[in-house]
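Remarks on the structure that follows.
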Amino acid sequence: MIKRVRYYIFLKDVLILALSAFGGPQAHIALMFDLMVTKRRYLSEEDLIELNALCQILPGPTSTQTVTAIGFRIGGPNLAYLTLLVWMIPAVTLMTIAGITMSHLQSRNMSIEFTKFIQPMAVGFVSYAGLRISQKVIKTKTAVVILILSAIGSFLFKSPFVFPVLILAGGAFTAFKYKAQPIEEKDRIKIQWANFILWAGFFVFIATLGGLTRYLPVRLLENFYRSGSLIFGGGQVLIPLLYTEFVEFKRYLTSEEFLTGYALVQSVPGPVFSFCAYIGALSMRGFGIGGQVLGALVASIGIFLPGTFLIFFVIRFWEGLKKYRIVKASLEGINAASSGMVIAAAVLMFLPLEPNVQNILITAGTLAVLVFTRIPAPIIILLGLGAGFVL
């Protein structure tokens, strides 16, 4: 009974986070420190730092994996899955509504001119993400070279399949530097394969089903599940893959719709990966509102589920794995390649905009505001929408 009450309190705290956590993974972690460590003492500061570090080296949404991992440590898999639902539902719901609203405006031939400032602002947000990630992870000349090559590769080869190749190549390249890492005494690693088999089995199943049926909701589920399985570095790194696959490759969305949605997700609390609900809804606009809700649902399941399977798999033997030097060394290349992809995404997303002085100034101004002030992202977006209605 005491455990059950504790679980309810924990889920209530997760809901509070889901409704108040603006600003992306870094801001989310700061709020987790305040609520989960300082106030509630669900775990120690060291434990939270370590869990977050583990989630950063796994594919999937970092803050989502961190909060579900906390739920796993407190109450096992069942509480962790409930934690995932409570954490993602508010943001996913808001972005689903945004997608349906956008398609409604388009179907009625209503102008979305009021988003004219939002689109270059979105490029400013992506540029800021690339800058922040690069400042954090680029520490060596090797990392600089990988960043440049990754940016060039992302820009030139507009295929969703190039991104996992770049990430794996970057990690493999720096893995050879493992001798520079300190040697730690290792224990024998005991691996429980159930969640890995679940992740891989679903990957194969949904890819096969999508290929056989060609049914759009199934293909969307496969697309997002693949993306969630292969993207390291959180929501900002996911953006270039989504843009390439759904705007340039499949053309389910226009560049304007994509940029507007990405800007809107900056003003929504919770995980940035909820942006996928918006893309899923617009991808299914030809099937009515019911189809759009289904599209948002399968996109959300697809993007969040693989990271959850993988964190449940790895957390059981993380203590032993983190002592291996080759694992530590590969992170440098993975992070550098991810940074290059985000920088390329900013360029690719700006190119469809009209290259006039207004768009250049708005993009540069948004970046400057984010770098030099502490104005919250939701306020910046609301000001941009307001200016679009007035001017």
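The values are calculated or read from the model by the stated rules, or taken from the named source; none is laboratory data. Everything quoted here is computed from the prediction, not taken from an experiment. Heads up, the Cβs are rebuilt from the backbone with ideal geometry, glycines too, and the neighbour counts pull from every protein chain shown. Surface areas here come from the heavy atoms of the whole protein model, side chains and all, with no ligands, DNA or RNA. Shrake-Rupley method; radii C 1.70, N 1.55, O 1.52, S 1.80 Å.
Hey, any idea what % of the chain's accessible area is carbon plus sulfur with a 1.4 Å probe? Its accessible area is 68 percent carbon and sulfur atoms. Coupling constants for region 253-259 follow from the phi torsions by the Karplus curve (6.51 cos²θ - 1.76 cosθ + 1.60, θ = phi - 60°), and in residue order they are 10, 7, 4, 5, 5, 4, 5 Hz; glycine and proline get x. Estimated at 0.36 nm per residue, the fully extended path between residue 12 and residue 213 surpasses their Cα-Cα distance by 68.3 nm. The string of couplings for region 88-94 from the Karplus curve (6.51, -1.76, 1.60, θ = phi - 60°) is 8, 4, x, 5, 4, 4, 5 Hz, one whole number per residue in order, with x for Gly and Pro.
Assuming a ≥ b ≥ c are the square roots of the Cα gyration tensor eigenvalues, decide whether region 238-313 counts as rounded (a/c under 1.5), prolate (otherwise, with a/b larger than b/c) or oblate. It would help to have the intermediate numbers written out before the result.
Details: a/c = 1.57, a/b = 1.33, b/c = 1.18.
Since a/c reaches 1.5 and a/b is larger than b/c, the shape of region 238-313 is classed as prolate.
The angle between the Cα long axis of helix 45-56 and the main principal axis of the chain comes to about 60°, on a 0 to 90 degree scale. When the listed pairs 190/328; 136/328; 12/136; 136/179 are checked against a 26 Å cut-off, the alpha-carbon distance exceeds it for 12/136.
Projected label points at residue 148 and residue 136, each 7 Å from Cα along the beta carbon direction, are separated by 2.5 nanometres. When peptides 131-139, 251-259, 68-76 are ranked by their average number of other Cβ atoms within 10 Å per residue, the highest-first order is 68-76, 251-259, 131-139.
Our coupling estimate for region 327-336, obtained by passing each phi through the Karplus curve with A = 6.51, B = -1.76, C = 1.60 and θ = phi - 60°, is 5, 4, 5, 5, 4, 4, x, 4, 5, 5 Hz, Gly and Pro reported as x.
The calculated FRET efficiency for the pair residue 200 and residue 81, based on their C-beta separation and a Förster distance of 25 Å, comes to about 0.85. Distance between the pseudo-spin-label points of residue 361 and residue 183 (7 Å out from Cα toward the beta carbon): 6.2 nm. Distant-in-sequence amide contacts of residue 43, defined by a placed amide H-H separation under 5 Å and a gap of 5 or more residues or a different chain, comprise nothing. Between rounded, prolate and oblate, where does region 342-391 land on the alpha carbon gyration tensor, with a ≥ b ≥ c its root eigenvalues, rounded for a/c under 1.5, else prolate if a/b exceeds b/c? Oblate is the answer for region 342-391, as a/c is 1.5 or above yet b/c matches or exceeds a/b.
Model label sites at residue 250 and residue 73, defined 7 Å from Cα along the beta-carbon direction, differ in position by 3.6 nm. Counting charges near residue 366 (Lys, Arg +1; Asp, Glu -1) among other residues having Cβ under 15 Å from its Cβ returns a value of +3. Taking all protein chains into account, the per residue accessible area for the chain stands at 46 Å² (1.4 Å probe).
Using mean Cβ contacts within 10 Å as the protection proxy, how do 211-221, 82-92, 351-361, 11-21 order, highest first? Walk me through the numbers on the way to the answer.
Details: 211-221: 16.0, 82-92: 22.0, 351-361: 12.5, 11-21: 17.8.
Going from most to least packed, we get 82-92, 11-21, 211-221, 351-361.
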